[in-house]
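Single-structure report; data block below.
The values are calculated or read from the model by the stated rules, or taken from the named source; none is laboratory data. Here the structure is a predicted model, which is why all the values come from computation and not from measurement. Don't worry about glycine lacking a Cβ; one is built from the backbone with ideal geometry, like all the others, and counts go over all protein chains shown.
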Amino acid sequence: MRLAAVGHEVVLGSRSAERAEEVRAGLLELWPGRELAIGAADNAGAAAADVVVVATPWDGAAPTVAALAEALDGKVVISMANALTRVGKEFQPLIPPRGSVAADVQAAVPRALVAAAFHHVPAKELGALDHPVECDVLVCSDHPEATEVTSALIADIPGMRALDAGRLTAAGAIESLTAVLIGMNVRYRTRLSVRLTGLPGE
């Protein structure tokens, strides 16, 4: 919704095109006064986009892209999933086989340009289109083009700033931090986001 609100054409993908259409209709009902260019398709249809965002539950991310590997060759694929599990009243991070969900996604589509991003952006704030989302987004990738394209998308969203966090080996630490933020949200009854200070030129 945020990307559509700033002029990008977005296609929602699902295993079922009908399910994608249901989600699309529900989102558009929330903002009847806006012209949001959001389409719906099955996953293969969504994979035809110039840039693909994997926003599935964490354990479905790698299998989902693996089934679309040929369509994703050479494309920027943004992984935003966090491997978390609930233990009692708290969420704890899990360590996927390759150290992060993003690394698993990259291994599943080795010819795609995978970037990890958007892990710490509160979903409710993203959906509240009348207000900017004031936060930094840590981006990491083994492909400079993926970092550049992902950062450009982030820069299009008012209030958000992309920061290059290095190679994909950093994704595990970035994803795990989400468990800390969720715990603090519960403790302080708020929705925290990340903002870093001390960068050159600030």
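Here Ala81 does not qualify as of a type outside the set (Val, Ile, Thr), buried (at least 18 other Cβ atoms within 10 Å of the Cβ), in a helix (DSSP H, G or I) and assigned by TED's automatic domain parsing to the domain that holds Ser141. Under the condition of being touching a helix residue (DSSP H, G or I) at 6+ places or on another chain (Cβ under 6 Å), of a type in the set (A, V, I, L, M) and in a loop (DSSP other than H, G, I, E, B), the residues counted in the stretch 22-58 number 3. Of the residues that sit in the stretch 156-169 and are closer than 19 Å to Ala107 by Cβ and in contact (Cβ under 8 Å) with a residue 40 or more places away in the chain, which one is surrounded by the most Cβ atoms within 10 Å (Cβ to Cβ)? So the residue we want is Leu168. Within the bounds of the stretch 91-99, is there any residue that is within 14 Å of the chain's Cα centre (by Cα) and polar (S, T, N, Q)? Checked the stretch 91-99: no residue is within 14 Å of the chain's Cα centre (by Cα) and polar (S, T, N, Q).
Going by the conditions given, is Val139 surrounded by 23 or more Cβ atoms within 10 Å (Cβ to Cβ), of a type in the set (A, V, I, L, M), in contact with a strand residue (DSSP E or B) (Cβ under 6 Å, 6 or more places away or on another chain) and not in a helix (DSSP H, G or I)? Break it down into steps so the answer makes sense when it comes.
Values: surrounded by 23 or more Cβ atoms within 10 Å (Cβ to Cβ): yes; of a type in the set (A, V, I, L, M): yes; in contact with a strand residue (DSSP E or B) (Cβ under 6 Å, 6 or more places away or on another chain): yes; not in a helix (DSSP H, G or I): yes.
Judged against the criteria, Val139 is a match.
The rows are residues; the columns are (1) of a type outside the set (Lys, Arg); (2) assigned by TED's automatic domain parsing to the domain that holds His119.
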position: Arg15; (1), (2): no, no
position: Glu18; (1), (2): yes, no
position: Leu28; (1), (2): yes, no
position: Arg34; (1), (2): no, no
position: Ile38; (1), (2): yes, no
position: Gly45; (1), (2): yes, no
position: Val54; (1), (2): yes, yes
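Among the residues making up the stretch 56-88, those that are of a type in the set (Val, Ile, Thr) and in contact (Cβ under 8 Å) with a residue 12 or more places away in the chain are Thr56, Thr64, Val65, Val76, Val77, Ile78.
Can you work out which of the residues in the stretch 72-90 that are within 25 Å of Ala47 (Cα to Cα) and of a type in the set (A, V, I, L, M, F, W, C) is farthest from the chain's Cα centre (by Cα)? Among those that are within 25 Å of Ala47 (Cα to Cα) and of a type in the set (A, V, I, L, M, F, W, C), it is Leu72.
Does at least one position in the stretch 13-21 carry a residue that is part of a strand (DSSP E or B) and either loosely packed, with under 13 Cβ neighbours inside 10 Å or among the β-branched types (Val, Ile, Thr) (or both)?
Going through the stretch 13-21, the residues part of a strand (DSSP E or B) turn out to be 13-14.
If we keep only those that are either loosely packed, with under 13 Cβ neighbours inside 10 Å or among the β-branched types (Val, Ile, Thr) (or both) too, we end up with none.
No; the residues of the stretch 13-21 include none that is part of a strand (DSSP E or B) and either loosely packed, with under 13 Cβ neighbours inside 10 Å or among the β-branched types (Val, Ile, Thr) (or both).
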